[in-house]
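The values are calculated or read from the model by the stated rules, or taken from the named source; none is laboratory data. On a predicted model such as this, the values are computed, not experimentally measured, just so you know. Every residue, glycine among them, receives a Cβ derived from its backbone with ideal geometry; neighbour counts consider all protein chains shown. The protein model used for the area step is the full one, side chains on, heavy atoms only, and it has no ligands, DNA or RNA in it. Shrake-Rupley method; radii C 1.70, N 1.55, O 1.52, S 1.80 Å.
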Amino acid sequence: MSGWLCATLTADGPEHDLAAMGATPAASSRHAAIGALPDGCHTGVFHADTLVAVGAVTLFNRTQLLDALRRDDVILPEDCADGAILLHLYARRGPRGFAAADGMFALSILDGDDLVLVRDHVGTRTLFYTRAGKHWAASASLRALRAWPRLNARLNLNAVRAFLTFAYLPGSETLIDGVFEMLPGRCLRLCANGACYEDVFWEPREDEWDETLPAEAYATRLRDLLEQAVAARLPAGQSVGVFLSGGIDSSLVTALAARLHDHSVHTYAINFGAEFPNELAYSGLVAAHCGTAHTVLTFDGETIADHLADTVALLDCPVGDPLTTPNMLLARAAARDGLSVILNGEGGDPVFGGPKNQPMLAFEFHRGDPNPMARASAYLRSYQKCYDQIDHLLTADVLDALRDAPPLERHVQPYLESPRMTSYLNRLLYTNLRTKGAHHILPKVERMTTASSIEGRSPLFAFPLVDAAFAVPPALKLRGLHEKWILKQAVRDLLPPTILQRPKSGMLMPVQYWLHGPLRDLANDLLLGPQARARGLFREQVVRDWMQQRGLVWRRHGQFIWLLLTLELWLRAFNL
């Protein structure tokens, strides 16, 4: 994925610094240069009137968008590039033209003397930007910006603290000071004079629901949209793959793909050895029920250790999810089988109400402190990462540098208190969608699949489906203790009762065991070695205690060490 889009803007004339990194200027006579670095995924340069753009665009409703352009007297050939369609929509309608585009896109547009950046509704593809002196630079690759000669790259300690709390970076900050990630559903105009303007073309909102409608009416509406989302993401004339864990989300995507696709469906499940718990019985049941070509892949600790550094280096922002490396290895297996597209069930929890909302709902019910910050603090603790250990883990020098830093709660409080939502459950889902969805789940899927020369698609994150979910009464999403109840009602004819009724368990990796087995030497060498000590982020004795299973509840040692290990590998990969 590294480097497929890069652009600069300067007030002084064409910027040629990126040409030294492999960029080819596309508008050298203007006050900007746009180029595609050569070492990434498929991209294109697109033109519309006086506009020129570069980016990666996959549209799932291109027929409807071409029809809309025809109504604006813009006639494009049926086989035109998706990026050209998107650029013509912008030329005719401005930022609001992106609102109707159902797809995965990141686009950089030269519009007069301005550079306009666009990121899709939910954040499937990413864009980063920075300013150095009189110059703007933007790229879909943080690594490309890291290599920009004008950038004096320094570690952002605020982002270090956020990563330790969330296990990903939840907003616009990156680990490189002064470099920012675009938020999804937005159009960002970077002006040569240094000004920056943002247009929001889509943001989830809570539509008023009709309490008199029966649950079946909502289930039928969701079923129609689920079928549309999956059908639109099936590759024409080719077999398709599905990541199948055996949970309700990946299972319903598998069932719909098998029913709607006119080619074979290949499913893939993973486990970590017979001695550890797995969900193979559930995924195998779904595969047999749907008649897919099913593959089970086994990854042991040695395999994970061998590929961990390479996996982390692919990520623009680190993700402390142990499943990242297995996800990449699974994508490689699907690519070796000749597939170009693989679907997944990501999105079910943040869109339809997964089980992680229940602790926060219980907290809200018993909350005595009316301060909104108490709600946000409880949300951070619900991640069960290092939020309560920050002062214990970070060195005195780092804590001193962070003394006046804004609170971590700022990343979630605007969503938890948003006037766009009246239901507290919907506010929780909104928070999950705009933090974990946009900055963890979707970028991870995109990076791991693209690096394996395959395109990952997430039907449950389709924005029309998200809109419909926020128009469902909250009591139908979380019905008593039954999570995602309305989603299960919508697909109850597709799956065996065993799948519909099973509780969510999640796929667990035996990290705790591996960190005292195949990953032990790697973790010791990296976290207690001279390079990490010289960086001075963490108290050495605390790290030693955690490595020796002291000072924490037993099951949390593995989670915490994995976060530190991921961060250290990422910092080395990006030379920070």
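So the values come out like this:
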read-out: Under 14 Å from the Cα of residue 356 - aspartates and glutamates, other chains or at least 8 residues apart; value: 364, 483
read-out: As computed over the stretch 172-306, the Cα convex hull volume per residue (Å³); value: 234
read-out: Which listed pairs, of 444/488; 134/436; 134/444, have C-alpha distances above 30 Å, in listed order; value: 134/436; 134/444
read-out: Answer label for Cα Rg over 2.2 N^0.38 Å (calculated), chosen among (i) 0.95; (ii) 1.54; (iii) 0.89; value: (i)
read-out: Cβ-Cβ FRET estimate between residue 550 and residue 382, R0 fixed at 30 Å, reported to 0.05; value: 0.75
read-out: Carbon and sulfur %, accessible surface of the chain computed with the full protein complex present, 1.4 Å; value: 50
read-out: Distance from the stretch 254-276 to the stretch 371-393 (C-alpha centre basis), Å; value: 37
read-out: Centre separation in Å (Cα based) which lies between the stretch 103-138 and the stretch 153-176; value: 20
read-out: Phi to ³J(HN,Hα) by Karplus 6.51 cos²θ - 1.76 cosθ + 1.60 over the stretch 419-428, Hz, x for Gly, Pro; value: x, 5, 10, 9, 7, 5, 4, 5, 5, 5
read-out: Charge-dipole axis of the chain as Lys and Arg at +1 and Asp and Glu at -1 on Cβ define it, positive-most pick from 54, 462, 95; value: 462
read-out: Calculated FRET efficiency for the pair residue 64/residue 221, C-beta based, R₀ 25 Å, to 0.05; value: 0.85
read-out: The chain: relative contact order as a whole-number percent, Cα under 8 Å and 6+ apart; value: 16
read-out: Value at 222 nm in deg cm²/dmol, rounded to 500, when DSSP H runs of n ≥ 4 in the chain each add -39,500 (n - 2.57); value: -11500 deg cm²/dmol
read-out: Mean separation of Cα contacts under 8 Å, 6 or more apart, over the residue count of the stretch 178-282: relative contact order %; value: 18
read-out: Aspartates and glutamates with Cα under 15 Å of residue 484, excluding same-chain neighbours fewer than 8 positions away; value: 216, 249, 346, 349
read-out: Accessible area expressed per residue, the chain, with surrounding protein chains retained (probe 1.4 Å, Å²); value: 38
read-out: Listed residue (382, 308, 251) projecting farthest to the positive dipole end of the chain, Cβ model; value: 382
